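Q: My questions will all concern the structure given below.
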Amino acid sequence: MKRLFTYIILIAVFFSCGDDDPGIEPYDFLIKPHNSNNELYVGVPVEFLIKGKGGGQKSFSKMDLFIDQEEVSLNRQRYSFDSPGTYQINANVAIDSILYKIDTLLNITIAPPIYITQSRAEKVLFSWKTDTIYNILLSTYYGNSARDYEVLSINESLQQQGTNGKISLDTYPEFYGFGASTSGRLVLGYNQQLAIYSPTLSLERRIGFNYGKSPRKILVQDDDTFLLFDSLSHIVVRSLNMNTGQLVGGETKFVGVDDMTVFNYFFLGEQRVATYYVNEDNSRSLIMASQIGGDFEFVHYFQPFVSVNGLNSISNGEFIINSYKSQENKIAIIGVDASGVVNWTRQINMDVIYNRERFDFRIRVLELNGFIYVFFDNMRCVKFSLQGALVWDKYFYATSAQFREVLATPSGEIVMLGTRQMDDPTIDYLLQTDVIAIKINADGFRVGVGE
């Protein structure tokens with residue numbers, strides 16, 4: 001009995017909280033937000049240290065941290081929150097062989113984006129890279145019936161480079177494609193013509209097409225341009241010499257399938273094209289991929305029907321299909337092997353229900369360093385392995401923003417471009433928006449907010 005009583009005394013001392021006990025210093029959290037505004041942000045690591053009564057940092061041998069009563073793992077005493085809110089923080093901390101219980105509340109907010117421009121841009125149309133500069137093609141609206149078209153240039157630190165370049169286009173152009181060559185040329189397809197601009201945005205050549213024969217898609221690889229035309233019975237891919245403006249090479253035809261008609265087309269790179277077919281009552285659809293001027297590669301049927309937004313070829317020889325299920329308000333990401341067999345499917349619930357005729361809703365898929373990133377919604381990103389395993393799902397801005405485009409930097413970081421409503425209640429938010437940028441790293445942490 002005496003030995004048991006001694007053990008109870010030792011345990012009581014070990015779990016002392018040190019409130020007002022003589023000679024025992026009370027401890028508290030020393031929270032280090034890693035940003036210049038001293039705020040706690042989603043996606044920005046928060047460092048959990050300990051301070052003593054005098055405010056100085058106190059060393060400890062162990063910390064078990066609980067967020068909303070769930071234990072979490074720390075990386076160099078840091079933790080990154082995935083969503084905003086108020087969190088209950090509790091910790092068991094061993095200091096000088098005594099265990100202390102410490103608790104606090106943390107308010108996590110969404111970090112503000114980097115404002116690229118507040119020039120009342122209507123849409124981010126296209127983005128491309130020239131050397132170390134990223135270029136963004138914008139349509140801007142200044143209160144009259146016509147739009148202006150500007151090119152905004154930024155560096156990898158998201159700082160604007162020079163003044164906006166201007167592009168003169170016809171009134172109300174209907175774009176069918178955008179492309180950029182490795183030499184920095186910009187290729188725009190609109191109405192019944194194609195316009196090629198130099199890296200300094202001077203017009204090099206404008207090529208017209210007969211009515212009904214205008215291209216539907218553009219693929220620019222290095223300095224080669226491929227144009228995709230369609231008719232009622234088949235699809236044709238032609239190569240264009242940008243220096244002469246002449247269509248060269250023979251036609252590559254892709255014929256229809258059974259009772260299905262072509263609904264969309266996707267260039268896959270490496271001179272490959274995929275066609276997306278839908279039958280008359282929208283009950284089924286399929287993807288067919290082929291080489292330009294070469295062999296048929298695969299076909300994949302969808303039953304029931306899904307609306308396919310895009311198709312990406314990835315480094316392991318497989319394909320990633322992204323589709324939008326409007327009735328369920330979900331995105332389906334489908335991994336398909338080289339023969340068209342589905343390896344995996346992942347569905348992502350969306351937070352916003354889109355009227356696609358009113359909103360230019362976009363989904364983008366990027367493969368980077370052996371992972372797949374899916375971008376959509378309010379600057380949201382979901383990361384998967386090449387085998388479809390979920391790595392993380394994070395939000396990077398509030399509901400007033402819309403994702404537009406994505407850029408990958410040479411250092412492996414990711415820049416998301418978006419638009420958001422200006423703080424002016426008299427302005428129509430569908431037309432008058434800011435252009436914003438958010439940079440993240442492969443772990444989904446924000447970059448450029450004071451880290």
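Q: Between the DSSP loop rule and a limit of at most 12 other Cβ atoms within 10 Å, which trypsin sites (Lys or Arg not before Pro) in the range 74-111 are left?
A: Working: sites: ARG76, ARG78, LYS101; in loops: ARG76.
Those that pass, being in a loop and sparsely packed, are ARG76.
Q: Exceeding 24 Å between C-alpha atoms, which entries from my cross-link table qualify? They are LYS129/LYS394; LYS129/LYS166; LYS330/LYS394.
A: Working: LYS129/LYS394 26 Å; LYS129/LYS166 17 Å; LYS330/LYS394 16 Å.
Those over the limit are LYS129/LYS394.
Q: So, one more: If R0 is 45 Å, what FRET efficiency do you get for TYR172 and LYS325 from their C-beta distance, rounded to 0.05?
A: Values: r = 32 Å, r/R0 = 0.71.
So the FRET efficiency works out to roughly 0.90.
Q: What is the Rg over Rh value, at two decimals, for the range 53-102, using alpha-carbon atoms and the Kirkwood definition of Rh? Display every interim value, and only then the final one.
A: Numbers: Rg = 12.2 Å, Rh = 12.3 Å.
Taking Rg over the Kirkwood Rh, I get 0.99.
Q: Could you work out Rg/(2.2 N^0.38 Å) for the range 71-134, with Rg from alpha carbons only? Don't jump to the answer; show the numbers that get you there.
A: Details: Rg = 21.1 Å, N = 64, 2.2 N^0.38 = 10.7 Å.
With N residues counted in the range 71-134, Rg over 2.2 N^0.38 Å equals 1.98.
Values in this text are rule-based calculations from the coordinates and carry no lab data. All values reported here derive from a predicted model rather than from experimental measurement. Note that each Cβ is placed from the backbone with ideal geometry, even for glycine, and that neighbours are counted across all protein chains shown.
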